[in-house]
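Here's the structure we're looking at; comments come further down.
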Amino acid sequence: MLKKDFYKYQAQTTPFSSGFEVDYAKGSYIYGKNGKKYLDFVAGVSANTLGHSHPAVIEKITEQLQKHMHVMVYGEYAQEMPVKVCKKLAEILPAPLEVTYLVNSGAEAIDGALKLAKRVTGRSKIVSAKNSYHGNTHGALSVSGNESFKQAFRPLLPDVHFIEFNNFEGLEKIDKHTAAVILESIQGAAGFISSQNQWLKKVREKCDETGTLLILDEIQPGFGRTGKWFAFMHEEIVPDILCMGKGMASGLPIGAFTASTAHMKTLEKNPKLGHITTFGGNPVIAAAALATLEQVEELNLMSEISEKESLFRELLIHPKIKSFRGRGLMIGLELESEVLVQKVAAKAMEKGLILFWLLYETHILRITPPLTISLEEIREGCEILLNCLEEV
């Protein structure tokens, strides 16, 4: 009945969603209504930083629920949980990233960042990367770099220009008419592609030369997934605006963008309410975010990422794996075709392992487990995956 109603009443995104019926989830496992448990190598597409139903997150949420939930639109009342989250981010991030605007999703963070860049610079031109993915709201889709996902919704935002990620020649498009360059620190949908040969550093220099703001999208790699709080910290650069989401609240809906005090103040006037949201900074969601930040730190999870990545690299060796992509626990396995990826994922589900694929490069198998996954669970999942590769 649940699956039937799911297909009948809930809007679908594809004609072939699995309709897997979830009962409950705990730690690194999701339990189905069929009585089986499934090791989760996807973590809600990088969202469940601390796994499922982490006790510290539940405790913090419960405490907040007993006090109050939604009391006023964003930016009017001082509420303990959202203030603590913003203060904690200011402690984590390098200067001048000191003021955070809490929103409802990563895509909204992107839209807010674009507006902020145009407001600060008085310019309209945006430079993004080909094959980038920044979300599916109108603004975020406009600066995403895959035409097959965009063509049905045109016209989109004007004056958006695209360059090749890691291509130095394209930096000529960044000029004194450019409000912002928006880039993923690690390209996600395109195949978990990192900056090479200090390319991001050169982008930063070009932005400085032209008075252009650099927006970095850390929605997927953020909050410790690569072994540092944010992937840009591996690059020795600092963006003007940082966008966050996904793993920020261990599975609850949230987004944020952070900038300097001076830049963020431009949203207060001319016009006032330069960005406004009813539910952004919701105290219950903020409680989950604060618990996530505290636990990543207290459990010293980032210090374990390198060892866990190394174990994946050591175990996942097979003739059908063409390449091993990504960094930390943001891993992509290149297989020979989309068909093979789908077969492996389906076979893995039968054997109790949850896998997924990438949005654009569908021949790449996604592995983005919770940061709390144990070495034993990594071994368990890799054994299942290797068996699936043998059988398909």
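The values are calculated or read from the model by the stated rules, or taken from the named source; none is laboratory data. Not measured: the values here are computed from a predicted model. When we count neighbours, we look across all protein chains shown, and the Cβ atoms used for this are built from the backbone with ideal geometry, even at glycine. Side chains included, ligands, DNA and RNA excluded: accessible areas come from the protein's heavy atoms. Shrake-Rupley method; radii C 1.70, N 1.55, O 1.52, S 1.80 Å.
LEU293 meets the conditions (1) within 19 Å of GLU98 (Cα to Cα); (2) open to solvent by 10 Å² or more (accessible area, probe 1.4 Å); (3) out of contact with any strand residue (DSSP E or B) (no Cβ under 7 Å at 6 or more places or on another chain) in every case but one. The failed one is (2). In this structure, does THR277 turn out to be under 20 Å from ARG225 (Cα atoms) and hydroxyl-bearing (Ser, Thr, Tyr)? Taking the combined requirement at face value, the residue does not satisfy it.
Yes/no per residue for (1) of a type outside the set (Phe, Trp, Tyr); (2) crowded, with 17+ Cβ neighbours inside 10 Å:
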{"site": "ILE321", "(1), (2)": "yes, no"}
{"site": "PHE324", "(1), (2)": "no, no"}
{"site": "ILE331", "(1), (2)": "yes, yes"}
{"site": "ALA345", "(1), (2)": "yes, yes"}
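Are any of the residues in segment 96-118 surrounded by fewer than 16 Cβ atoms within 10 Å (Cβ to Cβ) and touching a Ser or Thr at 6+ places or on another chain (Cβ under 8 Å)? Checked segment 96-118: at least one residue is surrounded by fewer than 16 Cβ atoms within 10 Å (Cβ to Cβ) and touching a Ser or Thr at 6+ places or on another chain (Cβ under 8 Å). For the criterion of being touching a residue at least 60 places away in the same chain (Cβ under 8 Å), of a type in the set (A, V, I, L, M, F, W, C) and either surrounded by fewer than 21 Cβ atoms within 10 Å (Cβ to Cβ) or in contact with a helix residue (DSSP H, G or I) (Cβ under 6 Å, 6 or more places away or on another chain) (or both), LEU365 fails. A single member of PHE149, PHE162 is part of a strand (DSSP E or B) and open to solvent by 30 Å² or more (accessible area, probe 1.4 Å), and it is PHE162. Of the residues ASN131, ASN136, which is within 30 Å of PHE356 (Cα to Cα), out of contact with any strand residue (DSSP E or B) (no Cβ under 8 Å at 6 or more places or on another chain) and open to solvent by 10 Å² or more (accessible area, probe 1.4 Å)? Just a single option satisfies the conditions, and that option is ASN136.
Taking segment 126-157 as the range and being under 18 Å from ALA180 (Cα atoms) and of a type in the set (A, V, I, L, M) as the test, the residues that pass are ILE126, VAL127, ALA129, ALA140, LEU141, VAL143, LEU156, LEU157. Summed over segment 333-343, residues that are assigned to a strand (DSSP E or B) and either surrounded by 22 or more Cβ atoms within 10 Å (Cβ to Cβ) or without any contact (Cβ under 8 Å) to a residue 24 or more places away in the chain (or both) total 1. Taking the listed residues ILE126, ILE110, the one that is in contact with an Asp or Glu (Cβ under 8 Å, 6 or more places away or on another chain), outside any loop (DSSP other than H, G, I, E, B) and under 18 Å from PRO221 (Cα atoms) is ILE110, with no other qualifying. Exactly one condition in (1) of a type in the set (Asp, Glu); (2) farther than 22 Å from GLU377 by Cα; (3) in contact with a strand residue (DSSP E or B) (Cβ under 9 Å, 6 or more places away or on another chain) is false for GLU309; which is it? Result: GLU309 passes all but (2).
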